[in-house]
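Rule-based calculations on the coordinates, nothing more; no lab input. These numbers come from a predicted model, not from an experiment. Cβ placement follows ideal geometry from the backbone for every residue including glycine, while neighbour counts extend to all protein chains displayed.
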Amino acid sequence: MAGEHHSVLSRIKTVSDMVDAFRDEEQCRRLLEQMVWSRGRICPACGFRESCALAGRDTGAKARPGLYQCANGACRHQFTVTTHTPLHSTKLPLRIWLTAMWLILQSDKGISSIGLAEAVGVSQPTAWRMGHAIRLMLAREAQLDGIVETDEFYIGGSPRHNADLPKPGRGRKGRPRTTKTPVLTVIQRPLDLTAGAPTGEARARVVKNLSEIEASLVLEDTVEPTAHLMSDEWKSFMSAGQGFAAHDTVCHSQKDFVRGIVHVNSAEGFSDRVRRTIVGVFHHISPDHANLYFNEIGFRWSQRTVVGQVVRKTRKGRSKIKTVWDKIPTALQLPAALRSIVGRQMRRSEQGGISIKSNIAVFG
Ligand SMILES: [Zn+2]
């Protein structure tokens, strides 16, 4: 990676470095343009790759720096670096956005909207919308490949019986029906375990229930058919796993946790992290917004590099392969965070909340 933005970002180590680097609005605009348009400026309306700067020209009023016009004769759309991105949902200065992103990425477990509001000097409702806009930007769309582990858990702890539902027994053995929200996690193991190699990406999704249909929907959406899937022997995974090039399972009920490369330790680690993050910070997470929080937790998981691998014994005496990681410096995570935001949009809903118009990057 080269360019002005990399040298600016690589010098940011502390909060005061960050405040200093993001003090000037013009510098923030240039940084954002370099990160969002890393492969060249692109029209957010039609995807055309040629456009001209309008700065200083008479476009009714004097055009401001950062305003561009699409050179496609049929389009002629005027745009800035925030047009058709989640950054457009507020009229905040770009330095506030970059500061908020840095603070969120810098924390291990995320920041509450109250904490963010105090840190950047906006109202709590604005901070809440900013947090969700940033989580929308952090969504990853690429399908996972190579060795992919999957795991399931419930938000809010162990399953709870619901007296109104039929008796347990039709689902997974020993796993009663529950009123809690089930979640599937999927992680890609690092392709390479030499020091400095990037970790794989991770996804988590709220599902309606732990049926085979729901498992298949999530796995088809997040995993390439060429992947080698690893899971436990839960019935829904057994059938959903048939759609992949290979599928190996571990049987937890028989104390079979690691068999050579066959294990789901990393997916369980990611599930633990999702669970702990939600318990620690987001006390009243709604299932509707949970997937947005998962974008943030998954992105944070991916922003690490391999240091090495060790085998550890757990308290129960089982061996667990543990990979040791280093976090990518926070400011250097920003280009990845901003790389594919064009086309992802959110709107204020009538209730003062937000609605996601599109969670897919259209161009970029
Ligand atoms: Zn255009």
Which trypsin sites (Lys or Arg not before Pro) from the range 67-102 combine a DSSP loop assignment with at most 16 other Cβ atoms within 10 Å?
ARG76, LYS91
The range 285-325 pair-distance distribution - Cα-Cα, 5 Å bins, rounded %:
6, 19, 14, 14, 14, 15, 15, 4
List the Cys residues of the chain that have no partner Cys with a C-beta closer than 4.7 Å.
CYS28, CYS52, CYS251
If you plug each phi of the range 62-67 into the Karplus form 6.51 cos²θ - 1.76 cosθ + 1.60 with θ = phi - 60°, what whole-Hz ³J(HN,Hα) values come out, in order, with x for Gly and Pro?
6, 5, 8, x, x, 9
Helical contribution to [θ] at 222 nm, DSSP H n ≥ 4, -39,500 (n - 2.57), averaged over the chain, rounded to 500:
-10000 deg cm²/dmol
How much length is gained if the chain between ILE114 and ALA55 is pulled fully straight, taking 0.36 nm per residue apart and subtracting their Cα-Cα distance, in nm to one decimal?
17.5 nm
Considering Cα pairs under 8 angstrom that are at least six residues apart, work out the relative contact order of the chain and quote it in whole percent.
19 percent
Across 20 Å bins from 0, what is the distribution of all Cα-Cα pair distances for the chain, in whole percents?
26, 54, 18, 1
For the pair LYS235 and ARG64, how long in nm is the line joining their label points, each one 7 Å along Cα→Cβ?
5.9 nm
In whole angstrom, how far apart do the alpha carbon centroids of the range 197-250 and the range 63-99 sit?
38 Å
Considering amide H positions built from the backbone, and no H for Pro or chain starts, which residues 5 or more places from VAL223, or on another chain, come under 5 Å of its amide H?
LEU144
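Quick one: work out Rg over Rh on the C-alpha atoms of the range 1-150, Rh as Kirkwood radius.
Checking Rg against Rh, the ratio lands at 1.00.
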